[in-house]
Amino acid sequence: MSYKGQSYGNLKGIPGFSDELLDIHLKLYEGYVAHFSSMIDSLNKSSRDPGMVEEIEREFSWEFNGVRLHEAYFGNVTKHFNVLNPASDLALQIVKDFGSVEVWGDDFKQVCLTRGAGWAVLAWNPEEKRLVDLWIEGHEVGPLFYCVSILVNDCFDHAYRTDYGDDRSDYTDAFLNVVDWKEIQKRFQTVIQLSRAFEYSL
């Protein structure tokens, strides 16, 4: 069974991102979806060939995370301006863990400016019951076990070079200006509910 990707054409016209940049980025995402689907099909057809399965599995996490991280990225931005509700569970948790929303924003931006290609992620650490900012090198190296992504920013140069050249700082500012905080709040509430269910199951 192959994987069917999501459609993000509705993001065209989003402030701070040209349609040309989005076309490039969406085409790259579609490439990940195609490779991921091909791997699923190959694994289904190669169950009796251990050598082929091993070779595919070596690259599987790269393609899998390439799809999922891009979907999280495109899914957490919006053309419809909104702000983080200061009375929301998410805002209160950010203040608890970072001191203020402004301090968190500065910390997240610093993570976005990490040298190299990768992903900046605001994640929930269920063991310590706190939010953390993480850097994921590439696609498959760096995520912490049990931590669940809430907000994701693509820091590969394909996500910004067309519009911002080498200026990842301005790109990060543009990204933070179009974050869909309603979506992030919804993700946070879902993760909290799952964390509580996990605790009860132990």
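Consider ALA87 carefully, then state whether it is modelled with pLDDT of 95 or more, part of a helix (DSSP H, G or I) and not hydroxyl-bearing (Ser, Thr, Tyr).
no
Check GLU30, GLU55 and return the single one that is in a helix (DSSP H, G or I) and modelled with pLDDT under 95.
Every option except GLU55 fails the conditions.
Quick check on my filter: what residues within region 67-97 are under 17 Å from LEU22 (Cβ atoms) and in contact with a helix residue (DSSP H, G or I) (Cβ under 6 Å, 6 or more places away or on another chain)?
HIS70, ASN76, listed by residue number.
With PHE81, PHE17 as the choices, which residue is assigned to a loop (DSSP other than H, G, I, E, B) and modelled with pLDDT of 95 or more?
So the residue among PHE81, PHE17 that is assigned to a loop (DSSP other than H, G, I, E, B) and modelled with pLDDT of 95 or more is PHE17.
Can you go through SER38, SER2, SER61 and tell me which one is surrounded by fewer than 15 Cβ atoms within 10 Å (Cβ to Cβ), not acidic (Asp, Glu) and not in a helix (DSSP H, G or I)?
SER2
Among residues belonging to region 115-133 that are crowded, with 16+ Cβ neighbours inside 10 Å and within 30 Å of SER18 (Cβ to Cβ), point out the one that is farthest from the chain's Cα centre (by Cα).
In this case the residue turns out to be ASP133.
Among the listed residues GLY31, GLY13, GLY105, which satisfies the condition of being assigned by TED's automatic domain parsing to the domain that holds VAL148 and either in contact (Cβ under 8 Å) with a residue 24 or more places away in the chain or over 19 Å from ALA120 (Cβ atoms) (or both)?
Exactly one residue qualifies, and that residue is GLY105.
Applying the selection to region 79-92, what residues are surrounded by 18 or more Cβ atoms within 10 Å (Cβ to Cβ) and in contact (Cβ under 8 Å) with a residue 40 or more places away in the chain?
LEU90, the sole residue that qualifies.
Show the residue pairs that are 6+ apart or on different chains and have beta-carbon atoms under 7 Å apart, the first residue being within region 37-49 and hydrophobic (A, V, I, L, M, F, W, C), the second being loosely packed, with under 14 Cβ neighbours inside 10 Å and modelled with pLDDT of 70 or more.
ILE40/SER2
The values are calculated or read from the model by the stated rules, or taken from the named source; none is laboratory data. From a predicted model like this one, the values you see are computed outputs, not experimental measurements. Neighbour counts are summed over all protein chains in view; Cβ atoms, including those assigned to glycine, are modelled from backbone coordinates with ideal geometry.
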